[in-house]
Each structure stands twice: as C-alpha cells, then as structure tokens.
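Beneath this line is the structure, given in structure tokens, with notes to follow.
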Amino acid sequence: MSDFAARVRAALDERDISLRAAARAVHIDPGHLSRVLSGKRSPSPQLAESLDGLVGAEGALADLAATLDEDDRGRIAHSAAEPARVDLGTVHALADVLAAQRRLDDTLPATAMLPSTSAQWETVERLARDARGPHADALREVAAEWVQFVGWLHAEARNDADAVRWLAEAEERADEVGSGELAAQAANFKGYLARRQGRPRAIVRWFSAAYYTPGAAPLQRVGDAVQAAHGYALLGERDAARRLLGEASDLVDAAGDTEAPGTAYWLSPTFSRMGMGLVHLALGEYAEAAANLRAGLDGLPSEQRYAEWSREYRDALEEARAA
C-alpha cells in the first residue's frame, strides 16, 4: 500500500534521471536498486533517505517508506481477505498511508501521484464496501478522505471533468460519514478548480458553500471566506469582498490556537495571507497584495514553498511586485 517503489520511479522519470544515474548518485549497485524499484526488495532507511534527497522530496518519500511495517502489511492483507473482521490497526495503518501520500503531493507533481493513488483507492474501496463490525465506520471515513484526495489530484493535474466527478462523490461520502470538515474541503477543492478555470462566479459559489458548511473547522472557514472574497473582487463587487475579508479577520481571532483538521493539515493563520493577497491584487491594491503574499509564502513549511499548488501564489507575488 505504501507504494514507495512506484513513487520513486515516477519521481525519477519526472526529473529524467535514469536508474544507472540514480544508482551512481546514491552509491549503490544498479541491480540492487532495480530490485528495490521493482518492489522485489524493501529499501533500507538509509537508501530511502538517499533517494528522497536525490529527487528533492523533503523527507516525504522517506516517511512513506517507513509508514507500514510487516505487521501492518499483514494486517491489511488479512482485512482484505476477511473484511468482516477489519480491525482498528488496519484503519490506523490506512490513515497513515493516506497522510504520507498527502504530504508527498507537496513535493511530487500530481501526474506522478495519480496512477498509484488511484490503484490504492481500489483496494481501500473494496475494504470499505465490505467491512463489518465496530471499526467499519472509521474505515469508511478514511475511504471518504481518499476519494477527496483523488479528486484533488485530478484538479491539480487539470483533469477537470474527472476532478468534478470525484469531488462530487467526495461530498456525498462526507455526508454519509457525517463529516463537516470533509464536506467543506471537497467544496473548497471545487472552488480551487473554478479559480484555475477563471470562473469568478463559481469561485464565489463553491467557497461560499464551503464557508457555510455545518461542521467546518474554524481555520477552514477562514480560508473559505478569504477565497470567496477573491471571487467577489474579480467580479468587481468590492464591498462584498471587503465584508468577507472582515469576517475572515474576525474568525482568525476567534480561532485562537485551534489546530487545523487532519484533512486540511496545511492550514494556518498565515496560510490565509496568500488568499488575502489574491483579493488585494484583484482589487488593484498592489502593495497590500505583495505584503500578504510574501507573508503567506514565508510562513509555508520548506516542502510546500515550491509545491505545484503554490505556483499561483508565487506568480501572483511577481505580478503584484511588477505593478
């Protein structure tokens, strides 16, 4: 399930690094590396760290390699064979795999992530569909988040039709498991896709839907208010944009030290500064736009600053500075 080998192969292909060149770089026999990358041998922690450094994964690949031990793999295999007996350890192991995949998305392109993530989803879906017993509901919540992640990857890769289909499914799954946080995040990702498509009314519609979703976490609501304000600013509705910025500011104060939910682990009070920068840019307030975008980007962890999804904020900062 961790798919370390597939992720490394995809990362090497993206960077046009051959197997022999990779073997030279990490000081290992090409035959041994070939067996690791074909999934026939598990990587040592040292090799996982070396390959992680080679492709610039900021520790995400090394973490992925360490996610599942042999007991976890056996537990998942047993649950797949007898889903009526799924145990809590399997649920936790699958949740850990998903968390590792989401962090890997910060360093690898979505196109490299999609094939393996989609294949993993098929296994998780079979388990969630057939699971019985006291831990079945917890497994279905993990499955609901997995659907959302696949939808996000399609949105990031600009497979727009697939993204819409997966994210609509994610909203339904979130409602089935009673998670406002998951439902709000699926709507948020629809808003992200609308922004990539340049559809300001859809930006307002989906981020507003996320903002008003019952059960959304405070930091989710901050980001959704800011991004809905951006849609209004693009439409020229300045008063509505400023009203929502004010509401977002109030929510930041109310949130206090509240932590982001696991399904939106990247959120922080400084994260929303990037969205505020987009609003000020659309309003023609270039100095404020640059200040907010810079603060938000500087507040990102190192592995996220050059993630595929952060490019729009980096480009917006350059535009604000030029103006």
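Here's the yes/no breakdown for (1) surrounded by 17 or more Cβ atoms within 10 Å (Cβ to Cβ); (2) under 16 Å from Met276 (Cβ atoms); (3) not aliphatic (A, V, I, L, M):
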position	(1), (2), (3)
Glu171	yes, no, yes
Gly198	no, no, yes
Ala225	yes, yes, no
Gly231	yes, yes, yes
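For the stretch 190-274, list the helices (runs of 4 or more DSSP H) that sit wholly inside it and hold at least 3 residues that are out of contact with any helix residue (DSSP H, G or I) (no Cβ under 7 Å at 6 or more places or on another chain); which are they?
Numbers: elements: 200-211, 218-234, 238-255.
Passing ranges, in order: 238-255.
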So Gly39, is it over 17 Å from the mean Cα position of the chain (by Cα), at positive phi and open to solvent by 30 Å² or more (accessible area, probe 1.4 Å): yes
Considering only helices (runs of 4 or more DSSP H) wholly within the stretch 13-67, the ones with at least 1 residues that are in contact (Cβ under 8 Å) with a residue 24 or more places away in the chain and in contact with a strand residue (DSSP E or B) (Cβ under 8 Å, 6 or more places away or on another chain) are none
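Restricting to the stretch 121-140, what's the tally of residues that are open to solvent by less than 10 Å² (accessible area, probe 1.4 Å) and in contact with a helix residue (DSSP H, G or I) (Cβ under 6 Å, 6 or more places away or on another chain)?
Qualifying residue count for the region: 5.
Conditions (1) more than 23 Å from Arg103 (Cβ to Cβ); (2) open to solvent by 40 Å² or more (accessible area, probe 1.4 Å), marked per residue:
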position	(1), (2)
Gln220	no, no
Gly256	yes, yes
Pro261	no, no
His280	yes, no
Pro301	no, yes
Glu308	no, yes
For the stretch 141-160 the number of residues that are part of a helix (DSSP H, G or I), open to solvent by 10 Å² or more (accessible area, probe 1.4 Å) and closer than 23 Å to Ala307 by Cα is 4
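The values are calculated or read from the model by the stated rules, or taken from the named source; none is laboratory data. Everything numeric here is computed off the predicted structure, so don't read it as measured data. A quick note on method: Cβ atoms are made from the backbone with ideal geometry, for glycine too, and the neighbour counts reach across all protein chains shown. All accessible areas refer to the heavy atoms of the entire protein, side chains included, with ligands and DNA or RNA removed. Shrake-Rupley method; radii C 1.70, N 1.55, O 1.52, S 1.80 Å.
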